[in-house]
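Contents: one structure, followed by commentary.
The values are calculated or read from the model by the stated rules, or taken from the named source; none is laboratory data. Please read all numbers here as calculations on a predicted model, not as lab measurements. Neighbour counts are summed over all protein chains in view; Cβ atoms, including those assigned to glycine, are modelled from backbone coordinates with ideal geometry.
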Amino acid sequence: MTKLGLNIRNFGPAASPEAFRSWATFAEDHGFAVATISDHVALTPEVAALYPEPFYDPFTVSTWLAGLTSSLRFVTSVAILPLRDPLLTLRSLANLDSLSGGRFVLGAGVGWSEEEYAAVGVPFRSRGRLLDERLETVVAERPVGVPVWVGGTSPAGIRRAVGYGDAWHPINQQIGWIREVGLPAVRAEALRQGRPMPAFVPRIRARLLPVDLIESDRLVGMGSLRQILADVAELSALGAEYVVLDTNADSPAEQLPLEHDFATLREIVGALEPA
C-alpha cells in the first residue's frame, strides 16, 4: 500500500523552529509516513532567488525533529553529496540513525547550481563523477538500515538509482513520462546491471485549486481535488511505495502561509482515507 509523505519548507520567512515543530506534529497527527527536507550548502544569488534565507540544514532539522517525534521518517530530498565531505556525511548518518531510532533516509542527488559549486570550490563539471564516488563510499560504509534514495531522471541518474539506491526518487515529473519512459528505463537498467528494481518513491506538487485544470496544461499534483487524487492513485498503481506531497510554490513571491499548506494536505489526506 502506498504511503504518503510531505515536504517541510526549511527556507524563507516561514522557516523557524516553531514552524518545523508544527510540520512534524501535523505529519504525525495526519498519518504521514515520511517528511522530506531540501538541501543547499551555499546560498548564492541564484539559489537564494528560489530558496531565500534563512535556509536550515536538512541534517540538523532532521536531528532536532527526530527527538520530537516517534514514527515520522526524515528524508533529505535531496542532499547534494558532491558538495559534502563523505566522512562528515557518514558521521551524520551514523548520528541520525542512532538518535532517530532508525528513522532517517539519505536522499542524494547532484544539484543544479553552478554558482553553488563555485562557492564551495568544487568543479561543476565533475559533479557526476563526484556523486558516483560519494554514493559508492556512503553505500559501502553507511550504518546498517539507512536507506538511500537517489534522485535524478537522466540516464546517469537512473544508472545511479539502480546501482546505489534502495529507491528511485524522481521529483516533479509528469506521470506520463514516469509510466512510459522513466520506469521502463529503470527496469532496463536493473536488468543490464543484474540488480533488483529499486523502490519507486516520487515527490510531486500539491497545489489544490477549486476547478479542474485542462489536462494538457496541468502539472502533476496540480488541479482540483479529483485530479490530485487521480494522480496519487495512478502513481500508486505504478508501484509507488511513497508519494511525497510538496506544497511549496515555484517562487518565493507565490508562497502561501503554512496554514494554507496544512489545509491543502488535510483535504487531500481526508479524501484518500477509506470511508
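Out of the residues in the range 242-262 meeting the condition of being farther than 20 Å from Leu219 by Cα and out of contact with any helix residue (DSSP H, G or I) (no Cβ under 7 Å at 6 or more places or on another chain), tell me which one is modelled with the lowest pLDDT.
So, considering only residues that are farther than 20 Å from Leu219 by Cα and out of contact with any helix residue (DSSP H, G or I) (no Cβ under 7 Å at 6 or more places or on another chain), the one modelled with the lowest pLDDT is Pro257.
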Quiz item: Applying the selection to the range 205-220, what residues are touching a residue at least 40 places away in the same chain (Cβ under 8 Å) and either assigned to a loop (DSSP other than H, G, I, E, B) or not hydrophobic (A, V, I, L, M, F, W, C) (or both)?
Solution: Arg205, Ala206, Arg207, Leu219, Val220
Self-check item: Only listed residue being surrounded by 17 or more Cβ atoms within 10 Å (Cβ to Cβ) and touching a Leu at 6+ places or on another chain (Cβ under 8 Å), chosen from Ile228, Ile171, Ile158
Solution: Ile228
Practice problem: Could you tell me whether the range 213-229 includes any residue that is touching a Gly at 6+ places or on another chain (Cβ under 6 Å) and over 19 Å from Lys3 (Cα atoms)? | Solution: yes
Quiz item: When the residues of the range 116-127 are filtered to those that are crowded, with 16+ Cβ neighbours inside 10 Å and not hydrophobic (A, V, I, L, M, F, W, C), which remaining residue is nearest to Asp39 (Cα to Cα)?
Solution: Glu116
Self-check item: Residue check, Phe74 under 24 Å from Asn248 (Cβ atoms), modelled with pLDDT of 95 or more and part of a strand (DSSP E or B)
Solution: yes
Self-check item: the range 237-263, residues that are hydroxyl-bearing (Ser, Thr, Tyr), part of a loop (DSSP other than H, G, I, E, B) and crowded, with 16+ Cβ neighbours inside 10 Å
Solution: Thr247
Quiz prompt | Flag for Arg218 being in contact with an Asp or Glu (Cβ under 9 Å, 6 or more places away or on another chain), at pLDDT below 95 and not acidic (Asp, Glu) | solution = yes
Quiz item: Within the range 103-141, how many residues turn out to be without any contact (Cβ under 8 Å) to a residue 24 or more places away in the chain and aromatic (Phe, Trp, Tyr)?
Solution: 2
Quiz item: With Val105, Val61 as the choices, which residue is part of a helix (DSSP H, G or I), of a type in the set (Val, Ile, Thr), under 17 Å from the mean Cα position of the chain (by Cα) and surrounded by 21 or more Cβ atoms within 10 Å (Cβ to Cβ)?
Solution: Val61
Practice problem: Considering every residue within the range 20-39, establish whether at least one is out of contact with any Lys or Arg (no Cβ under 9 Å at 6 or more places or on another chain), part of a loop (DSSP other than H, G, I, E, B) and at pLDDT 95 or above. | Solution: no
Exercise. Kindly indicate the residue of the range 64-73 that is hydrophobic (A, V, I, L, M, F, W, C) and farther than 16 Å from Gly31 by Cβ and also surrounded by the fewest Cβ atoms within 10 Å (Cβ to Cβ) among those meeting that condition.
Key: Leu68
Quiz item: Looking at Thr2, Thr36, Thr44, Thr60, which is the one that is hydroxyl-bearing (Ser, Thr, Tyr), touching a residue at least 60 places away in the same chain (Cβ under 8 Å) and out of contact with any helix residue (DSSP H, G or I) (no Cβ under 8 Å at 6 or more places or on another chain)?
Solution: Thr36
